[in-house]
Amino acid sequence: MSIRERLSGNEAAATAMKQINPDVVAAFPITPSTEIPQYFSTFVANGDVDTEFVAVESEHSAMSACIGAEAAGARAMTATSANGLSLMWEMIYIASSLRLPIVLSLVNRAVSGPLNIHCDHSDAMGVRDAGWIMLFSENNQEAYDNTLMAHRIAENENVLLPLMICQDGFITSHSIENIELEEDSEVKKFVGEYHPKHYLLNDKEPMAIGPLDLQGFLFEHKAQQAEAMKAAKNVILDVAKDFEKWTGRHYGLFEEYMLDDCEMAIVCMNSTAGTTKAVVNDLRKKGIKAGLLKIRVYRPFPSEEVAKALKDIKAVAVLDKADSLNAMGGALFQDVASSMYVAGNQVPMVNYVYGIGGRDTTTKDIESVYTDLAEIVKDGKVENPYRYLGLRREEK
């Protein structure tokens with residue numbers, strides 16, 4: 001039976017970690033994710049878990065310790081944000097290439113510089129092609145639920161890839177919301193124990209970790225990672241089905257909000273989806289057929305499914321909370337546009353880069369996007385597909 005509670009997103013992530021009771025947590029504090037290891041270290045000190053908590057000297061060391069623990073056969077977790085993830089960068093790639101199912105809570109924050117501690121998605125977008133499964137969370141409940149599902153996905157024998165759970169820094173990480181928690185015993189039953197087939201401390205199977213991998217093998221090993229990422233999509237859906245049977249809460253690769261009969265839709269991730277839902281509700285009351293597609297699983301990207309969901313819509317806006325600085329819009333837009341093109345679904349699309357450095361995105365901002373889309377619906381023309389939302393400009 002679910003337990004009604006009020007927690008911040010960071011507390012929710014830490015609580016899920018406590019219920020999972022991993023073998024090792026290695027972490028270094030960085031705003032706005034600091035509270036996750038802080039709360040968890042309290043659980044360790046109080047004897048609520050028997051996890052080995054390693055307080056390291058840097059985020060690079062945190063991921064290195066997780067890699068060592070996971071390679072040895074332990075279940076390992078950590079948390080970080082922004083510059084901390086950047087400092088892990090080398091080890092992020094090593095974790096995925098070694099096929100180690102580490103779970104990381106990523107509390108999204110702008111990557112310096114200039115220095116900024118508030119939310120955008122530049123940290124996640126910086127490692128989007130590093131071979132990690134990436135789940136995004138609209139609210140505290142999703143941050144908790146995604147964490148409970150993470151090990152079942154990452155540790156699947158057809159996957160064996162690390163996984164990061166993203167949530168918006170301060171917007172969800174520090175905001176307190178009502179949340180449904182599950183019983184500790186039920187969580188342990190759902191997550192299960194970790195019994196890797198191959199690990200360093202298995203004296204019956206001597207093995208090496210991280211050997212030199214030159215022209216003769218690296219290409220094939222990268223292709224194997226890519227195949228594992230493809231396999232992860234069905235595993236994510238299978239785990240979500242089991243999770244729904246247990247909790248009643250449904251998750252897919254994405255959420256279609258009033259998309260069935262809509263004429264214009266926004267595609268976005270994380271907490272902005274909540275703001276967009278409020279705008280969609282208001283527009284629907286006025287008879288305007290607006291909808292939302294909220295991406296939950298960003299890696300593996302559900303390209304075929306996204307293209308199918310958007311194929312009959314007359315105008316689409318993709319919102320990116322990070323700019324790729326490439327003069328071609330943000331990463332999410334490029335993924336959606338590529339998916340539509342490959343599927344042969346030519347729908348007028350625009351991209352809005354928004355919320356950089358924690359810039360507020362209001363219902364008024366979202367309404368303006370739908371207003372722009374309504375103009376596109378009228379004539380089917382897109383002028384300037386690469387746009388900014390909420391950017392202050394000098395008056396001329």
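Just so you know, all these numbers are worked out from the coordinates, no wet-lab data involved. From a predicted model like this one, the values you see are computed outputs, not experimental measurements. Glycine also receives a Cβ, built like all others from the backbone with ideal geometry; neighbour counts cover every protein chain displayed.
To make sure I understand the rule: partners must be lysines, Cα under 17 Å from the Cα of Lys285, and not fewer than 8 residues away in the same chain. Which ones qualify? Filter leaves Lys277, Lys364.
Residues whose amide H falls under 5 Å from that of Ala79, counting only those 5 or more places apart or on a different chain, are Phe28, Ser105, with hydrogens built in the peptide plane.
Since only Ala322, Met340, Thr361 are under comparison, the one whose Cα sits farthest along the positive direction of the charge dipole of segment 308-366, derived from C-beta charges on Lys, Arg, Asp and Glu, is Met340. Neighbours of Val239, meaning other residues whose beta-carbon lies under 13 angstrom from its beta-carbon, give a summed charge of +1 when Lys and Arg score +1 and Asp and Glu score -1. Taking the Cα centre of segment 49-172 as reference, the dipole from Cβ charges on Lys and Arg (+1) and Asp and Glu (-1) amounts to some 140 debye.
Annotation: aspartates and glutamates with alpha-carbon distance below 15 angstrom to Lys222 (same-chain offsets under eight excluded): Asp129, Asp213. Pairs from the list Lys189/Lys241; Lys314/Lys378; Lys289/Lys378; Lys233/Lys308; Lys294/Lys378 with a Cα-Cα gap above 19 Å: Lys294/Lys378.
Rounded to whole numbers, the Karplus 3J(HN,Hα) couplings from phi for segment 293-303 are 10, 9, 6, 9, 9, 8, 9, x, 6, x, 4 Hz, using 6.51 cos²θ - 1.76 cosθ + 1.60 with θ = phi - 60°, and x at Gly and Pro. Each Lys and Arg adds +1 at its Cβ and each Asp and Glu adds -1 at its Cβ; summed about the Cα centre, the chain shows a dipole of about 920 debye.
Once you reduce segment 274-297 and segment 157-230 to the center of their Cα atoms, the two points are 34 Å from each other. Taking 0.36 nm per residue of separation and subtracting the Cα-Cα distance, full extension of the segment from Lys364 to Glu304 would add 18.4 nm.
What the phi angles of segment 16-28 give under the Karplus curve with 6.51, -1.76 and 1.60, with θ = phi - 60°, is a coupling list of 4, 4, 4, 5, 6, 6, x, 6, 9, 10, 10, 7, 10 Hz, glycine and proline written as x.
Taking the C-alpha atoms only, the angle from helix 140-154 to the longest principal axis of the chain is near 50 degrees. Each DSSP beta bridge with both residues in segment 246-396 is either parallel or antiparallel, and the antiparallel ones are about 15%. How many angstrom lie between the C-alpha centres of segment 231-268 and segment 18-62? Their Cα centres are 30 Å away from one another.
Calculated FRET efficiency, His195 and Met328, Cβ-Cβ r, R0 30 Å, to nearest 0.05? After rounding, the FRET efficiency stands at 0.10. With the charge dipole of the chain set up from +1 on Lys and Arg Cβ and -1 on Asp and Glu Cβ about the Cα centre, the Cα lying farthest toward the positive end among the listed residues Leu115, Ser271, Leu163 is that of Ser271.
Pop the C-beta distance of Ala226 and Ser185 into the FRET formula with R0 = 45 Å and round what comes out to the nearest 0.05.
Result of the calculation: an efficiency of 0.75.
Put in line by how crowded their Cβ is, counting other Cβ atoms within 10 Å and starting with the fewest, Phe53, Phe301, Phe136, Phe219 read Phe219, Phe53, Phe301, Phe136.
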